[in-house]
1. Could you tell me how many of the residues in the stretch 17-58 are away from the ligand (no atom under 14 Å from the Cβ), outside any loop (DSSP other than H, G, I, E, B) and under 28 Å from Leu450 (Cα atoms)?
2. Looking at Leu27, Leu65, can you tell me which residue is in contact with an Asp or Glu (Cβ under 9 Å, 6 or more places away or on another chain) and not hydroxyl-bearing (Ser, Thr, Tyr)?
3. So Arg97 passes all but one of these: (1) more than 9 Å from the ligand (Cβ to nearest atom); (2) modelled with pLDDT under 95; (3) assigned to a loop (DSSP other than H, G, I, E, B). Which condition number does it fail?
4. Can you pull out the residues in the stretch 354-396 that are assigned to a helix (DSSP H, G or I), near the ligand (Cβ under 10 Å from one of its atoms) and either basic (Lys, Arg) or within 22 Å of Gly55 (Cα to Cα) (or both)?
5. For Pro130, are the conditions met, namely being under 23 Å from Cys49 (Cβ atoms) and away from the ligand (no atom under 15 Å from the Cβ)?
6. Could you tell me how many of the residues in the stretch 59-77 are in a loop (DSSP other than H, G, I, E, B) and either within 10 Å of the ligand (Cβ to nearest atom) or modelled with pLDDT under 95 (or both)?
7. Name the residues in the stretch 349-381 that are closer than 20 Å to His417 by Cβ, surrounded by fewer than 24 Cβ atoms within 10 Å (Cβ to Cβ) and modelled with pLDDT of 95 or more, would you?
8. Among the candidates Leu347, Leu359, which residue alone is more than 20 Å from Val76 (Cβ to Cβ), aliphatic (A, V, I, L, M) and under 19 Å from the mean Cα position of the chain (by Cα)?
Amino acid sequence: MIRIIGGGLAGCEAAWQVASNGVAVTLYEMRPERPTAVHKTDRLAELVCSNSFRGDKLDNAVGLLKEEMRRLGSLVMRAAEASRVPAGAALAVDRERFAETITAALSAHPLITIVREEVSAIPESSERAPVIVATGPLTSDALSADIAHLVGGKHLYFYDAISPIVLADTIDHSKVFRASRWNRSLRPVRLTPDATGEDSDRPACGVDDGEGDYLNCPLTREEYERFYDALVTAESATVHDFDKERFFEGCLPIEVMAHRGRDTLRFGPMKPVGLTDPRTGREPYAAVQLRQDTLAGDHFSLVGFQTQIKWGEQARVLRLIPGLEQAEFVRFGMVHRNTYVNGPTVLAETWQVRVRPSLFFAGQMSGVEGYVESAASGLIAGLNAAALFRGEPLSSPPRTTAIGALAYYVSHADPAHYEPSNITFGIMEPLLGAPRSRMARKLATSERALTELQTWLHGRASQSLSEVSGA
Ligand SMILES: Cc1cc2nc3c(=O)[nH]c(=O)nc-3n(C[C@H](O)[C@H](O)[C@H](O)COP(=O)(O)OP(=O)(O)OC[C@H]3O[C@@H](n4cnc5c(N)ncnc54)[C@H](O)[C@@H]3O)c2cc1C
């Protein structure tokens, strides 16, 4: 029997996958006995905010992720189809019908038992009794404390301080310059053969390769004053009570910093020291640094720019930064309660906890972001927990698929700068010989993903057949 804690998007999808593989599952959900600050009903898979599952076409990564999930027999996708409302190119749902469809499907399944109680400590687990923890961003306090105990306190976060991300193509490169502060690039460089004649792959910290790691947006005094005035008068997003708690000093929203004084940002995320604008030969009055966010280099995040300003307002204020006048935002900044582990430190690609492989984390708790991504991680965690129980090999789809890229990101991103991510083409393995047009490139990437997902599925099916026949 497999136990799953948390009846949200990830836990419900995982339960469905486990039961669909013929394994009995008990799903624990603490609502309504113990509510969260955000959920409003006792339904499973309640959508806490927007009713949108975002884009539904193959020219966008979340559209591809959804198509892959459909092909993997996702219950969340089936319920979303059944409760779809008109939303242009996006998949949006009637939230009540959606949650009701999931609740009914799981309640009716003969292999699924639903228990309405809070689980306050991670249950014992073994290969014959795997456990999946999918308790989401608002994991109850007692369980959070036990998870912190297992993974180590510094690998469990309680707040998300997310900086906005812009599309590289939309940055005005005539206004920004590439440089690392003090000309120190921390990029590992491959050193030439050493005295022994052997190649060395040691990272050479502090070696400047002449390129610089950041794109820097320089601001004159007038530009800074204009940006500052817009920032301190911008409208903040409405926050829930828990968001009124004190912020960690290390992740203060920029508007909170700005309210401390007119120059505070110039000594914080907008400090210009160590940067020389090649067009003036001088240090700018202030600077915003953009850090490459994807291997493909098509997304850049604004360093230290976590903010709670309303999204529409964010676009207006951030476009006052030189170089970002026409910026398209892939993600806006946010600060909200979010319990999640440092995926690369804690998890394997199969969503198993590295130090305890009979335990899985899935959903927002595992370090992904968004409804669809959470359900997708639950899907693979469920398949793998069932495989573990049945003594079959565990695996994750390849990085060329959206669902595999998500698993790879969570388990392999840089742990020092780990941030939960939505699925984007930027975290998928780049397509060699890709078409030049952006649209054609995206469609070709999706086509490759669906072909490779099929191959993975075939491989998985034949592996379980050979286990059954003892081959
Ligand atoms: C305020 C807020 C707004 C958000 N808005 C959006 C949005 O608009 N779009 C979007 O894509 N994502 C949004 N998210 C992220 C969203 O929460 C996730 O995308 C998604 O709900 C995560 O799915 P999950 O299954 O991991 O967690 P959830 O859907 O939250 O499910 C976790 C479940 O576990 C239960 N639980 C918690 N602790 C225990 C316990 N100890 N024992 C038993 N049960 C427990 C909870 O009651 C809950 O039902 C938002 C998050 C927050 C906090």
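1. Of the residues in that region, 3 qualify.
2. Exactly one residue qualifies, and that residue is Leu65.
3. Every listed condition holds for Arg97 apart from (3).
4. Selection gives Gly363, Gln364, Tyr371, Val372, Glu373, Ser374, Ala375, Ser377, Gly378.
5. The answer is no for Pro130.
6. The number of residues fulfilling the criteria is 2.
7. Hits for the stretch 349-381 are Glu349, Arg354.
8. Sole residue among the options that is more than 20 Å from Val76 (Cβ to Cβ), aliphatic (A, V, I, L, M) and under 19 Å from the mean Cα position of the chain (by Cα): Leu347.
The values are calculated or read from the model by the stated rules, or taken from the named source; none is laboratory data. Note that this is a predicted model, so its numbers are computed, not measured. Neighbour counts run over all protein chains shown; Cβ positions are idealised from the backbone, glycine included.
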